[in-house]
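Colleague: Structure below; questions to follow.
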Amino acid sequence: MAGIVSGGAIYLGRSGQREVQVAGTDAFWPHVVLYVLAASVAVMVLRRSGTRSPRLLLAPLGSTAEHRLAWTVRSIFRRVSALPRLLLSVIPLAMLVYFPYRCGMQVLGGLDPNFVVNAWGGPTYFGAMAFHYVDGALLAAVSAGLLNRLLLPARTEPAQR
């Protein structure tokens, strides 16, 4: 919601003067290469895992992510690697928070022609949306993969008596 509100503010504060499209700012071909690479990596990960389920790609975003993060925090004084793991996890965690914010901002902010004129998918609303959303999804996937490597494995706590 914060992203949508922010995008709405951008749209409401739009300029009446239209910006000029600068050639080469659409980044179409680099994104085609990114998409092919991302699809290739996804197929490779699924094949190496021995499963055909795409849930593997979302593993760090599932219900165990909360337990893994909590266990890493609680292990700071017990394991030497816990604090560095936690500190390194801040950036991918921030990316996972930023991605939905940025997507929300794009929904209403993208209605301003100047917001998308020199965007990577511009000068159209739908082109800018497609490129930004796929970029965000790739960043989220990389962030989730990093968190999967950084956070300690989930540990089940012994039952309280």
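Colleague: Could you check the simple spin-label distance between THR64 and MET44, using points 7 Å along Cα→Cβ, in nm with one decimal?
Modeller: Distance between label points: 2.3 nm.
Colleague: Suppose R0 equals 45 Å; then what is the FRET efficiency for ALA154 and ALA9 from their Cβ-Cβ distance, rounded to the nearest 0.05? Mind showing how you got there, number by number?
Modeller: Working: r = 40 Å, r/R0 = 0.88.
Efficiency for this residue pair is about 0.70.
Colleague: Quick check on the chain: what does the Kirkwood estimate of hydrodynamic radius come out to from the alpha carbon pairs, in Å?
Modeller: Numbers: mean 1/r = 0.0549 Å⁻¹.
About 18.2 Å, per the Kirkwood formula over Cα pairs.
Colleague: In whole Hz, with x marking every Gly and Pro, tabulate ³J(HN,Hα) for segment 126-131 from phi via Karplus 6.51 cos²θ - 1.76 cosθ + 1.60, θ = phi - 60°.
Modeller: Ordered by residue, 3J(HN,Hα) equals 5, x, 5, 4, 4, 5 Hz.
Colleague: Check which residues have an amide H placed less than 5 Å from LEU152's amide H, if you skip close sequence neighbours.
Modeller: THR72
Colleague: Now for a different question. Nearest 10 degrees is fine. How inclined is helix 82-109 to the longest principal axis of the chain, computing both from alpha carbons?
Modeller: Long axis of 82-109 versus the principal axis of the chain: about 30 degrees.
Colleague: Right, next: What are the ³J(HN,Hα) values, in whole Hz, obtained from phi via the Karplus relation 6.51 cos²θ - 1.76 cosθ + 1.60 with θ = phi - 60°, for each residue of segment 139-147 in sequence order, with x given for Gly and Pro?
Modeller: 5, 5, 5, 5, 4, 5, x, 5, 4
Colleague: If you stretched the chain out fully between ARG74 and LEU34, how much longer would it get, using 0.36 nm times the residue separation minus the C-alpha to C-alpha distance?
Modeller: Details: separation 40, 0.36 × 40 = 14.40 nm, distance 3.76 nm.
Additional length available on full extension: 10.6 nm.
Colleague: Considering only LEU108, GLN21, PRO153, whose Cα is most displaced toward the positive end of the charge dipole of the chain, charges sitting on Cβ of Lys, Arg (+1) and Asp, Glu (-1)?
Modeller: Value computed over the given set: PRO153.
Just so you know, all these numbers are worked out from the coordinates, no wet-lab data involved. Here the structure is a predicted model, which means the values were calculated and not measured. Counting neighbours? That spans all protein chains shown, and the Cβs are built from the backbone with ideal geometry, glycine included.
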